[in-house]
Amino acid sequence: MNNPKQKILIVDDEPDILELIEYNLKKEGYQVFLAGNGQEAVTVARKVIPDLIILDIMMPKMDGIEACRLMRSMPEFKNTFMVFLTARSEEYSEIAGFNVGADDYIAKPIKPRALISRINAILRRNTFTEDSFENKVEIGDLVIDREAFVVYQGGTKIVLAKKEFELLYLLASKPGKVYTRETILKNIWEDSVVVTNRTIDVHIRKLREKLGDSYVTTVKGVGYKFEL
């Protein structure tokens with residue numbers, strides 16, 4: 001059973017979808033709130049400040065993309081996870097979602113067990129926020145030593161260049177979260193340094209060469225994420 005204080009807002013214009021997700025989330029111990037469109041979602045969200053918002057994309061009055069964009073501009077939602085739920089499988093929909101600040105993307109038709117597992121994993125990301133990181137951080141078989149700028153993989157010491165380490169640390173700070181290229185550039189390289197997307201690609205390639213391909217995943221057209 002999850003922390004009953006964790007609040008989830010479900011936003012969809014299909015009553016059957018709302019009922020299905022609400023039923024399964026309540027079984028998991030979450031507090032659940034409902035909205036039928038983007039406008040209503042903003043109103044409800046400002047009242048309850050949910051930990052996670054599940055947004056359909058295609059809705060009347062205000063669609064999910066615009067609702068997410070609006071809420072991401074409000075400081076009260078800086079720590080709220082936002083996940084898109086939609087039947088649309090086109091790549092541009094995913095890119096549009098990530099570009100306005102989505103943390104994840106779940107496609108219909110809904111499979112309750114898979115949905116719950118994904119939501120549980122997303123909410124666990126709070127465990128990996130930067131404030132909670134100590135000098136040594138263990139994620140899977142990796143140990144990240146922030147003081148020595150080295151990584152231990154299965155007990156084997158792996159030495160990374162400074163920017164490689166910083167890039168790995170940024171991605172690992174929120175496993176599963178997609179970091180856009182713009183976010184990576186802003187956090188890793190100073191504004192005064194001229195850096196291209198190719199620079200990011202090279203550092204990602206070097207990380208994969210040293211750690212293997214299973215940790216850092218490319219999200220086509222968007223950026224990169226760390227797989228837990």
Kindly identify the stretch 1-86 as rounded, prolate or oblate by the Cα gyration tensor criterion: order the square roots of the eigenvalues as a ≥ b ≥ c, call it rounded if a/c is under 1.5, otherwise compare a/b with b/c, prolate if a/b is larger, else oblate. oblate
Dipole of the chain, positive direction: furthest Cα of Ile144, Ala67, Leu170, with charges on the beta-carbon: Ile144
Let me know the shape class of the stretch 43-125, please: from the alpha-carbon gyration tensor, a ≥ b ≥ c as square roots of the eigenvalues, rounded when a/c is under 1.5, otherwise prolate if a/b is greater than b/c, or oblate. oblate
If R0 is 35 Å, what FRET efficiency do you get for Glu147 and Val202 from their C-beta distance, rounded to 0.05? 0.85
From the Cα trace of the chain, what convex hull volume per residue do you get, rounded to a whole Å³? 136 Å³
Quick check for you: with a 1.4 Å probe and neighbouring chains kept, what is the accessible area per residue of the chain, in Å²? 52 Å²
Report, please, the projected area of the stretch 1-47 averaged over directions, based on the convex hull of its C-alpha atoms, in nm². 3.0 nm²
Please state the relative contact order of the chain as a whole percent: Cα pairs under 8 Å, 6+ residues apart? 13 percent
Please work out the FRET efficiency for the pair Thr183 and Glu22, using the Cβ-Cβ distance as r and a Förster radius of 35 Å; give the result to the nearest 0.05. 0.60
Under a plain spin-label model, where a point goes 7 Å from the Cα along Cα-to-Cβ, how far apart in nm are Gln39 and Ile95? 3.1 nm
If I stretch the segment between Ser73 and Lys162 completely, what's the gain in nm (0.36 nm per residue apart, minus their alpha carbon distance), one decimal? 28.8 nm
Of all the accessible heavy-atom surface of the chain, with the other protein chains kept in place and a 1.4 Å probe, what percent is carbon and sulfur? 49 percent
About the Cα centre, charge dipole magnitude for the chain (Lys/Arg +1, Asp/Glu -1 at Cβ), debye: 380 debye
Write out the trypsin sites (Lys or Arg not before Pro) in the stretch 141-217 meeting two conditions: DSSP loop, and at most 15 other Cβ atoms within 10 Å of their Cβ. Arg146
Net length gained if the chain between Arg46 and Ser117 were fully extended (0.36 nm per residue, minus Cα distance): 22.9 nm
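The values are calculated or read from the model by the stated rules, or taken from the named source; none is laboratory data. Remember, predicted model here, so these are calculated numbers, not experimental data. Cβ atoms come from the backbone with ideal geometry, glycine included; neighbour counts cover every protein chain shown. All accessible areas refer to the heavy atoms of the entire protein, side chains included, with ligands and DNA or RNA removed. Shrake-Rupley method; radii C 1.70, N 1.55, O 1.52, S 1.80 Å.
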